[in-house]
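Engineer: Below are the structure tokens for one structure; questions will follow.
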Amino acid sequence: MADSVLYEVTDGLATITINRPDAMNAMNTETKVALRDAVEEAGSDTAVRAVLLTAAGDRAFCVGQDLKEHIGNLAADRETGSSLTMSTVAEHYNPIVRALTQMPKPVVAGVNGVAAGAGFGFALAADFRVVADTASFNTSFAGVALTADSGVSWTLPRLIGASRAADLLFFPRSVKAKEAFELGIANRLVPSESLAAEAESVARALAAGPTVAYAALKESLAYGASHGLPEALTREDELQTRAGASEDHGIAVRAFLAKETPKYLGR
């Protein structure tokens, strides 16, 4: 793993830290590759039961594409007549968002500062966003004459509605933490000095929880977002059968009857 992304697994929790604080955690090619690889590794590792995605420093979660590198790549494309620069969406951003949204385990984003462009997309791809009161969000794309990527066209309208999403996409602006909480972008709003501890606490609680049930909940929410009620009911039946067959369900029922706190195994 490159130094620009740190990866650690302890007690079922994978912590992924974007580590370019001096560049406001902007995505250059090295960082995009490392983040993609880290997220995919966390998704496939059976020892990982939850993921915490966060960033170094206190200024930014991630400001999206590294524009300094981007300008150089565009110049190279013009010289060669190619369009390799924009292939980063297919090669990096899409795989990162797919891995975050489709992994069968919950993902918590600890948003410590500015989340803009693709950085906003990564935060939206998480299941929970614990947000510092000093953080902010910005779609940014139209401000540099680009359209949405990193899943924002799918995730943002589902969180705040199509009308508000269109407003933020066509007229990019800084959405401060308090407004983000009111809109539903932030799940929890905490003082900046408490962010690291609170985000880790949420993620560790999920890592100790019923992993099969969480995976089913995550799948059912994604399925229900793009299907009608009859199809959603059928999928709920299928997923409930899966959850009901898990060891954790048996543990939960026995603990309930015994008036004890269940200790889940994640299977």
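Engineer: Full extension from Arg164 to Val253: what is 0.36 nm times the residue separation minus their Cα-Cα distance, to one decimal in nm?
Structural biologist: Contour length minus Cα-Cα distance gives 27.8 nm.
Engineer: In whole Hz and in residue order, list the ³J(HN,Hα) couplings for the range 32-46 that follow from phi through the Karplus curve 6.51 cos²θ - 1.76 cosθ + 1.60, θ = phi - 60°; x for Gly and Pro.
Structural biologist: 4, 5, 5, 5, 4, 5, 5, 5, 5, 5, 4, x, 8, 7, 5
Engineer: Next question. Using only the alpha-carbon atoms of the range 5-207 as identical scatterers, what base-10 log of I(q)/I(0) does the Debye formula give at q = 0.15 Å⁻¹?
Structural biologist: -0.86
Engineer: Percent antiparallel among DSSP beta bridges with both residues in the chain, to the nearest 5?
Structural biologist: That works out to approximately 25 percent antiparallel.
Engineer: Using 10 Å bins from zero, what percent of all Cα-Cα pairs in the range 131-267 falls into each bin?
Structural biologist: All Cα pairs considered, the percentages come to 11, 26, 30, 25, 8, 1, 0.
Engineer: Helix 67-80 versus the longest principal axis of the chain: what is the Cα-based angle in degrees, 0 to 90, to the nearest 10?
Structural biologist: The helix 67-80 is inclined about 60 degrees to the chain.
Engineer: Moving on to the next point. Tally the DSSP beta bridges in the range 1-107 and give the antiparallel ones as a percent, rounded to 5.
Structural biologist: 45 percent
Engineer: Let me ask something else. Let a ≥ b ≥ c be the square roots of the eigenvalues of the Cα gyration tensor of the range 1-99; is it rounded (a/c under 1.5), or, if not, prolate (a/b larger than b/c) or oblate?
Structural biologist: oblate
Engineer: The range 211-257: percent of C-alpha pairs farther apart than 14 Å?
Structural biologist: 51 percent
Engineer: Of the trypsin sites (Lys or Arg not before Pro) in the range 152-227, which ones lie in a loop per DSSP and count no more than 14 other C-beta atoms within 10 Å?
Structural biologist: In loop regions of the range 152-227 (DSSP not H, G, I, E or B), the sparsely surrounded trypsin sites (Lys or Arg not before Pro) are Arg173.
Engineer: Find how many whole Å separate the alpha carbon centroid of the range 96-151 from the alpha carbon centroid of the range 204-232.
Structural biologist: The two parts, judged by their Cα centres, are 20 Å apart.
A short reminder: the numbers here are calculations on the coordinates, not readings from a lab. Nothing here was measured: the structure is a model prediction, and the numbers come from that model. FYI the Cβ positions are ideal-geometry reconstructions off the backbone, even for glycines, and counts take in every protein chain you see.
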